[in-house]
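The values are calculated or read from the model by the stated rules, or taken from the named source; none is laboratory data. On a predicted model such as this, the values are computed, not experimentally measured, just so you know. FYI the Cβ positions are ideal-geometry reconstructions off the backbone, even for glycines, and counts take in every protein chain you see. Each accessible area value is taken on the protein alone, full model and side chains, heavy atoms only, with ligands, DNA and RNA left out. Shrake-Rupley method; radii C 1.70, N 1.55, O 1.52, S 1.80 Å.
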Amino acid sequence: MCGIVGYIGNKEAYPILIKGLHRLEYRGYDSAGVALINRRGELSVYKSKGKVSALEHSVDGKDTTGSIGIAHTRWATHGEPNEVNAHPHYSMSKQLALVHNGIIENYKALRAEMEKNGVVFCSDTDTEVLVQLIEYVQHRHECGLFEAVQLALKSVVGAYAIAVLDKAHPEQLICARKGSPLIIGLGTSDQGAHEFYLGSDATPIIEYTDKVIYLQDEEVACMDGSGALEIVNLANVRQTPQTVTLQMSLDELEKGGYPHFMLKEIYEQPSAMRTCIRGRLDIVDKDVLLSGIIDNKEKFLNARRIIICACGTSWHSALIGKYFIEEAAQIPVEVEYASEFRYRNPVIYSDDVVIAVSQSGETADTLAAIQLAKNRGAFLYGICNVIGSSIARATDSGTYLHVGPEIGVASTKAFTGQVITLFLLGLAIAKEKHTLSDEMFHMLVDELQRIPDKMQWTLDHNPNIDQFAQMFTYCKNFIYLGRGYNYPVALEGALKLKEISYIHAEGYPAAEMKHGPIALIDEEMPVVVIAPKRGMYDKVVSNIQEIKSRHGKIIAVVTEGDNTVSQMADYTFVIPDTRDCYVPLLAILPLQLLSYYVACAKGRNVDQPRNLAKSVTVE
Ligand code: M6R
């Protein structure tokens, strides 16, 4: 959602903070701000509406010196995105400045209480309540910042990751978290002095150090300019942090010559999928080795059901996973919108396996859904991309995607990585349960190994999508149709288009057309049909005929060499032949490109579409 950066050391903080904000901008981007304490002990806050570049512009010519600072890029929750509501927020005396990710649920009660006691607020945000509360506690208890933060957070209900500066303590940077991620980077300057970096994820830190500490819920850390680090919980009990080495390179965070991260990530899919299956598919022995399944074999063998909780694109990949796991491993699978699951009273048995699928591993709804399942005794399995993320840590076991950082807000390689990981999981369980014949199992393993090459083929054999996309920039609506494994592809294709082009799009199971949506078809309506020469091909051909006879424009994804659908369609994308279940991994690629080029032709900000954020850490 929002992004936090912090620095304390002996370098100039401002360039580090600004660079960090640019790297975090994918998380939220409606306003940005920075707070610095200069060498004369003055605390300055600069903020502006819009992107980080607007902040840089507004700060031009101002004093940005100092070697301690905090910064923030915001995705508005409470209060509209404007300069006043942007972070950092000052306390009333302007002694303190604070940045915050998350939501304070009892902020109204806290604010009312402080207002009664003379505290004056100047923004609509829940965040300002936090900084005022810390100052209020400092005065009441006559204590320093570190203690005041601990005391104040005890009365806070909600989720937070915060970083605070106190003009009276220019040698201290304090941070704390609950339910919102925060990472401390442990650096050493050229002169050999200790320095600390702070980030809501590792992206602003990796350039300086790969040694990090993931702050745990209800921990408060004090980073001192002398190099000392102290971490306590809210009861002021000292904690022993674990230092972790990041497995991420700076190159993975750059655009590498592409105009947008999204395009880079689309084209990265063949190599990212090779990494995803590396060490997990054994082609010589025709085997699948997934340590999460091997280590928890009994849980999966005895599972009454699998429930997959996810949101957005991850929900779509979960649906493909359901079809495959049920077919291959013969276990009933339910796919739940995490946001719904957490608020109804679902039946969860202690012999259920609950799988959370989440690229970021930070999605608040998914995290809450698995916490509910944990309370009911289910075994929790996480499928995440971000290493060390909250969901990865909250689950009993799991599998990382290993597709590299995904920066574009619209998910692409994480989707295909999730689908492959769910296939690996289904195959690994099927092997243990002997629900597939050896012949079928080997064939599925062999073909999965070929998928990265077939993805490359697909990317190479669909040229000119950029020119073709120009024709659709004036469309107001799109329909996407698919059957079986390709129904979730239709949903995902439609989501991609609406997210980044702002054109309304809906995905349907193709056979559902006749039950209502067919009324929408006319010569203005582009209909994208996933029609591989597999599965229910003949039935999809009939669906296409129904659309043609109502003058809809057909864009079809067809198997190489197909003539029937190609002749009926106004435009075709080709994919190589593959097993029915693996078609989604190929069919989604031209649909991602179509969305990308339509959005570019409409002049949209593809990597940072309006109103969206990369990790949705609020409900
Ligand atoms: O990080 P997650 O996979 O849990 O995120 C879930 C959704 O918010 C996410 O997939 C969203 O739909 C993307 N913007 C899709 O492109």
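Side notes on the structure shown:
- Applying a DSSP loop filter and a limit of 15 other Cβ atoms within 10 Å to the chymotrypsin sites (Phe, Trp or Tyr not before Pro) in region 479-561 leaves Y502.
- Partners of K476 within straight-line reach, counting lysines whose Cα lies under 22 Å from its Cα and excluding those fewer than 8 residues away in the same chain: K496, K498, K514, K548, K553, K602.
- In this structure the amide hydrogen of G398, modeled in the peptide plane, comes within under 5 Å of the amide hydrogens of G382, none closer than 5 places in sequence on its chain.
- DSSP beta bridges fully contained in the chain are about 60 percent antiparallel.
- Extending 7 Å from the Cα toward the beta-carbon at both V157 and S542 defines two label points whose distance is 5.6 nm.
- Taking every DSSP beta bridge that has both ends in region 261-454, the antiparallel portion is near 10%.
- Exposure of H461 as accessible area (Å², to 10), given a probe of 1.4 Å and all protein chains: 90
- Accessible-area composition of region 261-454, carbon plus sulfur, in percent [1.4 Å probe]: 48
- Within straight-line cross-link reach of K322, lysines at Cα separation under 20 Å, skipping those fewer than 8 residues along the same chain: K297, K299, K413, K431, K433
- Sulfur and carbon atoms: percent of accessible area, region 3-253 [1.4 Å]: 48
- Rounded percent of accessible protein surface that carbon and sulfur make up, region 465-601, 1.4 Å probe: 48
- Accessible area per residue (1.4 Å probe, heavy atoms of protein chains only) ranks Y474, Y14 as Y474, Y14, with the largest value leading.
- Amide H within-cut-off set for E334, under 5 Å, with H built and near neighbours excluded: I306, I307, I308
- For the chain, the solvent-accessible area with a 1.4 angstrom probe is 38 square angstrom per residue.
- Using θ = phi - 60° in the Karplus curve 6.51 cos²θ - 1.76 cosθ + 1.60, the 3J(HN,Hα) couplings for region 269-281 round to 4, x, 6, 5, 6, 4, 5, 4, 8, 4, x, 10, 10 Hz; x is entered for Gly and Pro.
- A cut-off of 5 Å between modelled amide H atoms, ignoring neighbours fewer than 5 places along the same chain, links R483 with A510.
- FRET efficiency estimate (nearest 0.05) - Cβ-Cβ, H551 to A235, R0 60 angstrom: 0.30
- Surface calculation, 1.4 Å probe, protein heavy atoms: H402 sits at approximately 80 Å² accessible.
- Non-local lysine pairs in region 118-269, meaning eight or more places apart or on different chains, with alpha-carbon distances under 30 Å, amount to 9.
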